[in-house]
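Structure record follows, encoded as structure tokens.
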Amino acid sequence: MKPADLPIKSMSAVKARDREGWLALFEDNAVVEDPVGGHEMWDKEGTGQQGKEAIGRFYDMFSSSQSAMDFEVHHMAACGNEAACFVTMKFTMNDGTVNENKLINIYKMSPNGKVASLRSFWN
């Protein structure tokens with residue numbers, strides 16, 4: 001696997017609502033910062049979700065309010081063991097409303113070819 005594969009595999013698993021497939025992409029000690037700097041509801045300290053158990057809880061939290069997710073990649077650049085992806089994510093909420101967010105995700109690949117960290121920049 002190459003670093004440029006990670007963004008598409010990750011977002012495709014979320015789109016397919018494949019929790020186990022998404023979690024399998026991550027190292028056991030991976031960190032997900034979504035968004036970087038924290039969020040008042042699920043990351044008040046701004047330290048991210050650390051380890052697969054916490055990342056799994058994060059997945060459960062965000063997916064429970066959504067009925068669907070889709071994405072459009074505008075640009076991706078991979079350098080070394082990292083890939084940066086500029087993307088629009090479209091979330092259909094359980095009540096039928098649709099939210100679109102433009103964001104930049106930065107994936108760092110471990111020596112094992114898994115996600116060591118995912119940093120998401122959005123507001």
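The values are calculated or read from the model by the stated rules, or taken from the named source; none is laboratory data. None of these values were measured; they are calculated from a predicted model. Counting neighbours? That spans all protein chains shown, and the Cβs are built from the backbone with ideal geometry, glycine included. Accessible surface is based on the protein model in full, side chains and every heavy atom, while ligands, DNA and RNA are left aside. Shrake-Rupley method; radii C 1.70, N 1.55, O 1.52, S 1.80 Å.
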Checklist outcome for this item: With Cα springs under 10 Å, the Gaussian network model of the chain assigns the largest mean-square fluctuation among LYS15, LYS102, LYS44 to LYS44
Item to check | Solvent accessible area, Å² - ILE104, 1.4 Å probe, full protein context | outcome: 80 Å²
Next on the checklist: Per residue of segment 90-101, what does 6.51 cos²θ - 1.76 cosθ + 1.60 with θ = phi - 60° give for ³J(HN,Hα)? Whole Hz please, x for Gly and Pro, Karplus curve as stated.
Outcome noted: 10, 10, 9, 7, 4, 8, x, 5, 10, 10, 10, 10
Item to check | Dipole moment magnitude, nearest 20 debye, the chain about Cα centre, only Lys, Arg, Asp, Glu C-beta charged | outcome: 260 debye
Checklist entry - In square nanometres, what is the average projected area of the Cα convex hull of segment 39-100? => result 5.6 nm²
Item to check | Dipole moment magnitude, nearest 20 debye, segment 40-107 about Cα centre, only Lys, Arg, Asp, Glu C-beta charged | outcome: 80 debye
Checklist entry - Longest span of the chain, sites excluded, free of chymotrypsin sites (Phe, Trp or Tyr not before Pro) in DSSP loop with at most 16 other C-beta atoms within 10 Å? => result 43-121
Checklist entry - Say a site is exposed when it is one of the GluC sites (Glu not before Pro), sits in a DSSP loop, and has at most 12 other Cβ atoms within 10 Å; what is then the longest site-free stretch of the chain? => result 46-123
Next on the checklist: Compute for the chain: radius of gyration divided by Kirkwood radius, i.e. Rg/Rh, restricted to C-alpha atoms, rounded to two decimals.
Outcome noted: 0.93
